[in-house]
Amino acid sequence: MRNKSNFFFPILMTAVLVSCLFACKKSDSEYYNYENKIQQFDGTALDYLNSQKGVFDSLLVVLNRLPALKDSLAKEKLTVFAVTNKSFEISVGNLNDIRKRNNKAPIYLATMDIAQLDTMTSRYLVRGQYESKNLSNFVDGLMVTSIAHDYPMHVLYRKLDASGFNGGGPQVLTFSDPKGSIFVRYWQRTPTNAVNIKTNNAIVNIVSPGHDFGFGDFITRINN
């Protein structure tokens, strides 16, 4: 008697191959045509931050203490790297853990040294508007300048891979504080979670929530 498995095996393999070819074709089309669409927001960068309830509350607390920076978010042409609540939670939590071990009282954003907050916060607000499509022209990234103190920062554009397709995934900006060094290994860097949110006066990019606000300087600056 002929083995039934010998009969069905070729049919099964043919079905699998057809399925794979269809899936690959679909995947190729999906990622080849990938485009990270620019989101439009009808309002200023400051309006956008205020509209995202539960996301930028800590940043807004800081900005309310820094009226010049707050005013810039409403009027100037900027590229903003917006820091989320989680980033501030990490930095303030680490600071107060150290203070507790040294028998010092905790301190919070509403009462911290205003000059130090100004120095650190201004680094996330960059002069000029830079969409990712413009930054993609700079293979090694681009040096930019903060709106206050003219502090040099660096932005690097890249596209992540997806499903085996090089550059087929989302766009990511790596935002760096060079710390005055020409050697990249000494830089403090953070990726973005979202890019190209276009407001009436600024391009807003959202910094990864795992970022330590202040690029490693927060504890030293505030604790002293």
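Values in this text are rule-based calculations from the coordinates and carry no lab data. No experiment lies behind these values; they were computed from the predicted model shown. All Cβ positions, even for glycine, are placed from backbone atoms using ideal geometry, and neighbour counts span all protein chains on display.
For the cross-link pairs 53/133; 53/75; 86/133; 70/198; 86/198, the ones whose C-alpha atoms lie over 25 Å apart are 53/133; 86/133. Per the Debye formula on identical point scatterers at the alpha carbon atoms of the stretch 95-146, with no solvent, log10 I(q)/I(0) at q = 0.23, 0.27 Å⁻¹ is -0.90, -1.07.
The convex hull defined by the C-alpha atoms of the stretch 37-86 has an orientation-averaged projected area of 3.8 nm². Translational diffusion coefficient of the stretch 83-224 (Stokes-Einstein, Kirkwood radius from Cα pairs, 10 °C, 1.306 mPa s): 96 µm²/s.
Considering the stretch 63-115, its Cα convex hull presents a mean projected area of 4.4 nm². The label-point distance for residue 127 and residue 65, in a model that sets each label 7 Å from Cα toward Cβ, rounds to 2.7 nm. Remark: spin-label model distance residue 188-residue 50 equals 3.0 nm, labels positioned 7 Å along the Cα→Cβ axis.
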